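Here the structure is laid out as structure tokens; the discussion comes afterwards.
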Amino acid sequence: MAKGKKKDKVIEPRINDEIRGYNDVRLIYKKHNGETNPEDFNKLTTLSEAKRIAEYIGLDLVEINGNISPAILRVCDYSKYLFELKKSIKQKKKGTTSVKEVQLSVNITEHDMGIKAKKAESFIEDGDKVKVVLTMKGRELSRRDTSKKPIYMFVDMLSDVAVPESMPRDEGNKCVVILKRK
């Protein structure tokens, strides 16, 4: 895995004997998701009783929320619970794409552009869009065609991982293009 690359990480809750420090807990158990069952319960009990119940049923005792009083614990299969948690996080993340911004100037050096291109590439690999902004000043504004050269070079550097949504457009003294994943 590349250095600095983030994966969908879940803060794993405490389970079974890792859970300590509570006198009373709210214990939740559902035999099947979505269906009501006479064996389901939601009750207030002691921590030691909750551990005994989980052991009797043959499932794990998972801490859902320990920040409130009484703490909420759930009797369930821990690996299945983690899978559902990761799945819900991916589902939430799927709809949200943010736009990161990279600023360029007309006189940017090739090395600086390479560094910014690597950063933009990491943004794109994380699923974000990248807004590339080229700021022009003074005489650079009167020579827009030659001044736009750095933005075309930047788009070309990222051509293997990203494509522009549209051609670079002028917005006052700036030239803007948005890049998205291929």
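Things worth noting here:
- Of all DSSP beta bridges in the chain, antiparallel share, percent nearest 5: 65
- Residue-span extension gain [residue 169 to residue 146] - 0.36 nm each, minus C-alpha spacing: 6.8 nm
- Options 123, 177, 71, ranked by Cα towards positive dipole end of the chain, top entry (Cβ charges): 177
- Dipole check for the range 16-93: with +1 at the C-beta of Lys and Arg, -1 at the C-beta of Asp and Glu, and the Cα centre as origin, the magnitude is about 460 Debye.
- In the range 51-118, the alpha-carbon atoms span a convex hull of 160 Å³ per residue.
- Placing +1 on the Cβ of every Lys and Arg and -1 on the Cβ of every Asp and Glu, with nothing else charged, gives the chain a dipole about its Cα centre of roughly 740 debye.
- 14 Å beta-carbon shell around residue 110, net charge (K/R +1, D/E -1): +1
- Size of the range 99-181 from its Cα atoms: along the principal axes, largest to smallest, the extents are 37, 25, 17 Å.
Bear in mind these aren't lab numbers, they're just calculated from the coordinates by the rules spelled out. Small disclaimer: the values here were computed from a predicted structure and weren't measured. Virtual Cβ from ideal backbone geometry, glycine too; neighbours counted across all protein chains shown.
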